[in-house]
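Read through the structure below, which is laid out as structure tokens, and then see the notes.
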Amino acid sequence: MKLTKGFVDILILASGYQSSGLPAHWDADNISRAFHWALFFENVVTRLCKEDIYQDSVEELDAALFEMTSDPSFPQGLAHLSSATLGRARGFILEHFIQNLPLRETHLRAVLTAAIEMDLSDLSETRHDNLSAYLNKLTLQNTSLKQVQHRSSGMKDSVISYQDQPPTNENEKCSSDDFTPLAIQELIRRQHAMSCISTAEAVLDKVSNAANCSICKSDYVLLGEQLKHDNQLAFMGYILDLPNSLEFGST
């Protein structure tokens, strides 16, 4: 639980801001350390869940997490934190790094650099040609990525459905050398989200312009009716006043 509280602090900073409200600055080295923390929690929770004798410990952990997240001062964006969440901590922290803050080039470069370095480091423990093995793993990802891109390529001017987003199931289990694919999945999710936002903004602009044109047209019609009404009143006033004018003229 003490370590989990530290991980919560990391997640808060990964969202882009310090507790003081100032922007949080991340480099590849610190992002790599955050990934190692996430991997640690995944390993611990996975081992606990695999053994039946530790089920009571998992329940105690969830109860302690619930008590911690129920505190009114606890960040509401992390209120769903549980052992299942910690079991997919890498995807969870990548989501915070990529989804929850303005994704500047320097930040994106730092995230990808940290992910690639961790993947290469893991492969170097079992493979001599770790770079070739890493590139081969990325090649295997192309098929699934192309399928996702193909499904969304014809939807440029429409809202992309939730089914077209890569899955982020809490029960997904990934090997220890897949930080880069996880980062790519989160980037695709962000791209889809931004596409949906752009589509919504374009639709709202069209609705707003149509509404403004309708209001302008109705105002023009109303103004015309008002002028017509005023002219009729003026004409009636002139007719009613005509005898007085004639009388005045005769004298």
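The values are calculated or read from the model by the stated rules, or taken from the named source; none is laboratory data. Just so you know, these numbers come straight off a predicted model, no measurement behind them. So basically every Cβ, Gly included, is an ideal-geometry build from the backbone, and we count neighbours across all protein chains shown.
Residue check: Ser19 meets all listed conditions (1) surrounded by 13 or more Cβ atoms within 10 Å (Cβ to Cβ); (2) of a type in the set (Gly, Ala, Ser); (3) out of contact with any strand residue (DSSP E or B) (no Cβ under 9 Å at 6 or more places or on another chain) but one, namely (1). The set of residues from segment 111-138 being farther than 26 Å from His96 by Cβ, under 29 Å from the mean Cα position of the chain (by Cα) and either crowded, with 16+ Cβ neighbours inside 10 Å or hydroxyl-bearing (Ser, Thr, Tyr) (or both) is empty. Cβ-Cβ distances below 7 Å connect the following pairs, each with a first residue in segment 9-21 that is farther than 13 Å from Ala34 by Cβ, a second residue that is part of a helix (DSSP H, G or I), and a separation of six or more residues or different chains: Ser19/Ile12. For segment 59-70, check the following and say yes or no: at least one residue is of a type in the set (Phe, Trp, Tyr), loosely packed, with under 14 Cβ neighbours inside 10 Å and at pLDDT 90 or above. Taking every residue of segment 59-70 in turn, at least one turns out to be of a type in the set (Phe, Trp, Tyr), loosely packed, with under 14 Cβ neighbours inside 10 Å and at pLDDT 90 or above. Given the conditions (1) in contact with an Asp or Glu (Cβ under 9 Å, 6 or more places away or on another chain); (2) assigned to a loop (DSSP other than H, G, I, E, B); (3) at pLDDT 85 or above, which single one is not true for Met155? All conditions are met except number (3). Of the residues making up segment 75-104, those that are over 16 Å from Leu3 (Cα atoms) and without any contact (Cβ under 8 Å) to a residue 24 or more places away in the chain number 4.
For every residue, the table says whether it meets (1) among the polar types (S, T, N, Q); (2) closer than 26 Å to Thr180 by Cβ; (3) touching a Leu at 6+ places or on another chain (Cβ under 7 Å); (4) assigned to a loop (DSSP other than H, G, I, E, B).
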{"residue": "Ile10", "(1), (2), (3), (4)": "no, yes, no, no"}
{"residue": "Arg33", "(1), (2), (3), (4)": "no, yes, no, no"}
{"residue": "Phe41", "(1), (2), (3), (4)": "no, yes, yes, no"}
{"residue": "Ser57", "(1), (2), (3), (4)": "yes, no, yes, no"}
{"residue": "Glu60", "(1), (2), (3), (4)": "no, no, no, no"}
{"residue": "Ala84", "(1), (2), (3), (4)": "no, yes, no, no"}
{"residue": "Glu95", "(1), (2), (3), (4)": "no, yes, no, no"}
